[in-house]
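Accompanying notes for the structure given below.
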Amino acid sequence: MPGIVFIDAPTSPRERIGKLSKIIDLSRDRPHIGILTLAAVARERGWRTQVIDPYPFQWSDEEIRRQVLEFRPDVIGISSHTLGIVNGNRLAGVLKDVLPQVPILVGGPHVTSLPDQTLMEFPNYDIGVMGEAEEILLDLLELLPQQPSEEQLKGVEGISFRGKSGIVVNPRRQYRLDLDSIPMPAWDLLPQFPFLYSPSLGSGAGTRPTGSLFTTRGCPWRCKFCDRGVFGDNLRKFSARKVMDQILHLYHEYDIRELMFGDDTLLVDKQRMMELSEMLIDAKLDLRWECMARVIDADLELYHAIKKAGCFEVSYGIESADDRISKLIFKPINQKTINRAIQITKEAGIRARGYFIFGLPGETEETLAVTSKFILTSGLDDVAIFSCTPYPGSALYQIASSYGTFEKAWNRMNNVETVFVPYGLTAERIESLRLKVMRKFYFNPRFVWAWSRRLVRENGWKELLGRGGLYARFFKNTLAEFVSGLGRAA
């Protein structure tokens, strides 16, 4: 029986969160749903399947090589965002040394956006998979064991490969409309799932076994900083019944008691969410969950329903509190809609988290001041502030040089290190202000008191006993960084 191994490109905490890795212990809060779904697809087709997720274990290339050799695959698939594309190529080289005849596929956002450049820049990848990969994978599984010809590969929509006269980029494949026919992710292929996957300290979540789900694909918005290359512009949804089946599977088979929905657009379809909420309420599960949403989708009736169904926090991509910047990045929101969403969320008894980006195109000291003041006075329960990153595939990637300086350092593109600097600002200014505002927010006595109360009220003493050491380290190291910053300023 032929075999295929799926590997998430290895990265380190330092690569993922930069200098913040000195302050916090970073646990991976969700497994890679994409490769787990592909593994389920390959297994249904009769292939032996293996999934390697190096991050929770921080496995070295040599340890990954050992596992792959033991499995003896006929095909290797590496999934990579831009951040991991260099490391993935390095790992592919290690694997080629010991399995030279095994084709190595690379998929994910980076190769989707730069299909020819990726193969030219990184010689250890053999075939690039662009966009939604389930049906492309099935075509490749039919061909690859027989060492297909160039003409055969040219017949597979959605791939790029090395032809006799250079890189060949085939036409893109149409997106799949019926998501319910896709099998559940193969969670059983993850060692120690779900116990190595836990929420971040900032979420206020506990030690309960944690799972994650994506219930939609595609996004109709046109935000300039976002890459929609993998799933496209057309919003497609799993049915409420299909989502509930996956929740029940995670709940009963893996004792999942905390769930994170990774969709940016979970609440767009109010009717579907009302239906799912009714199912969750009727099931009477000991389950709580969090999600992301657009501010324009905040609806009091819906929020009362999802609160009753177990939702404890909704996160919003606010990015900037300056309406001019929002308009410039094609984000159809303003301070009025943002404030309304926060008000509705809190009125429903749900925590509100805001995601912000410093250093967006057109950013100035004045617009940064507007956003900074809003973060500290908005009434949000949690915040996260990132640096602007022009990812390949985003509109900003194409026009970044018109608005500032852009360093295309793939292994620094993590939303934390500053690779794009608007004209009139500096990377040092953006990073120092981001940390300053975060410190002011999280060291505010009102926040510390509210956070402590909710920690005990929502998670009890198990949380304090189970993760107390991590909290102590977080506050100790953050305070040390704060004092160090004061010294540098002096």
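Bear in mind that the values in this text are calculations on the coordinates, not laboratory data. From a predicted model like this one, the values you see are computed outputs, not experimental measurements. Here the Cβ positions follow ideal geometry from the backbone for every residue, glycine too, while neighbour counts run over all protein chains shown.
What are the ³J(HN,Hα) values, in whole Hz, obtained from phi via the Karplus relation 6.51 cos²θ - 1.76 cosθ + 1.60 with θ = phi - 60°, for each residue of segment 371-377 in sequence order, with x given for Gly and Pro?
Once rounded to whole Hz, the list reads 5, 4, 4, 4, 4, 7, 10.
Compute the convex hull volume of the Cα atoms of segment 376-459, divide it by the residue count, and report the result per residue in Å³ as a whole number. All intermediate terms of the calculation are to be shown ahead of the outcome.
On the way: hull volume 11.5 nm³, N = 84.
Spelled out: Cα convex hull of segment 376-459, divided by residues, is 137 Å³.
When you take every Cα atom in segment 94-235, what is the radius of gyration, and what is Dmax, the widest Cα pair distance, in Å?
Here Rg and the maximum Cα pair distance are 18.1, 55 Å.
Looking at the square roots a ≥ b ≥ c of the eigenvalues of the Cα gyration tensor of segment 194-442, which shape do they give, rounded for a/c under 1.5, prolate if a/b is larger than b/c, or oblate? List each step's numbers first, then the result.
On the way: a/c = 1.81, a/b = 1.69, b/c = 1.07.
Judged from the Cα gyration tensor, segment 194-442 comes out prolate (a/c at least 1.5, a/b above b/c).
Take every DSSP beta bridge whose two residues both sit in segment 3-169, then give the antiparallel share in percent to the nearest 5.
Beta bridges within segment 3-169, antiparallel portion: roughly 30 percent.
Starting with the highest mean, order 443-450, 178-185 by the number of other Cβ atoms within 10 Å, averaged over the residues of each peptide.
Numbers: 443-450: 11.6, 178-185: 15.0.
Ranked from most to least packed, the peptides come out as 178-185, 443-450.
Which aspartates and glutamates have a Cα lying under 19 Å from the Cα of Lys346, excluding residues fewer than 8 positions away in the same chain?
Partners within reach: Glu290, Asp297, Asp299, Glu301, Glu313, Asp381, Asp382, Glu458.
Classify segment 99-154 as rounded, prolate or oblate, taking a ≥ b ≥ c as the square roots of the eigenvalues of its Cα gyration tensor: rounded when a/c is under 1.5, otherwise prolate if a/b is larger than b/c and oblate if not. Provide the component values of the computation, followed by the final result.
Numbers: a/c = 1.80, a/b = 1.25, b/c = 1.44.
Oblate, because a/c is 1.5 or more while a/b does not exceed b/c.
Could you rank the peptides 286-295, 80-89 by their average count of other C-beta atoms within 10 Å per residue, with the highest value first?
On the way: 286-295: 20.4, 80-89: 23.7.
Going by the mean number of other Cβ atoms within 10 Å, highest first, we get 80-89, 286-295.
For segment 248-271 and segment 367-399, compute the distance between their C-alpha centroids and round to whole Å.
If we compute the Cα centre of each part, the gap is 26 Å.
Given axes a ≥ b ≥ c from the Cα gyration tensor, I'd like to know whether segment 32-185 is rounded (a/c under 1.5), prolate (a/b larger than b/c) or oblate.
On the way: a/c = 1.36, a/b = 1.10, b/c = 1.24.
Verdict is rounded for segment 32-185.
Give the order of Leu143, Leu36 when sorted by the count of other beta carbons within 10 angstrom, beginning with the fewest.
Values: Leu143 15, Leu36 23.
In order of increasing Cβ crowding within 10 Å: Leu143, Leu36.
Rank-order 327-335, 210-218 by packing density, defined as the average count of other C-beta atoms within 10 Å over each peptide's residues, highest first. It would help to have the intermediate numbers written out before the result.
On the way: 327-335: 17.2, 210-218: 22.0.
The densest-packed peptide leads the list: 210-218, 327-335.
Within the set of other residues whose C-beta is less than 12 Å from the C-beta of Ala293, count the net charge using Lys and Arg as +1 and Asp and Glu as -1. Please list the in-between numbers first.
Values: positive: Lys270, Arg294, Arg353; negative: Asp263, Asp264, Asp269, Glu290, Asp297, Asp299, Glu313.
Neighbour charge sum, excluding Ala293 itself: -4.
No partner Cβ under 4.7 angstrom, meaning no disulfide-compatible partner by this rule: which Cys of the chain qualify?
Taking the Cβ cut-off of 4.7 Å, the unpaired cysteines of the chain are Cys219, Cys291, Cys311, Cys388.
Just for the chain, what percent of DSSP beta bridges are antiparallel, to the closest 5? Numbers along the way, then the final one.
Details: 12 of 53 bridges.
If we restrict to bridges inside the chain, about 25 percent are antiparallel.
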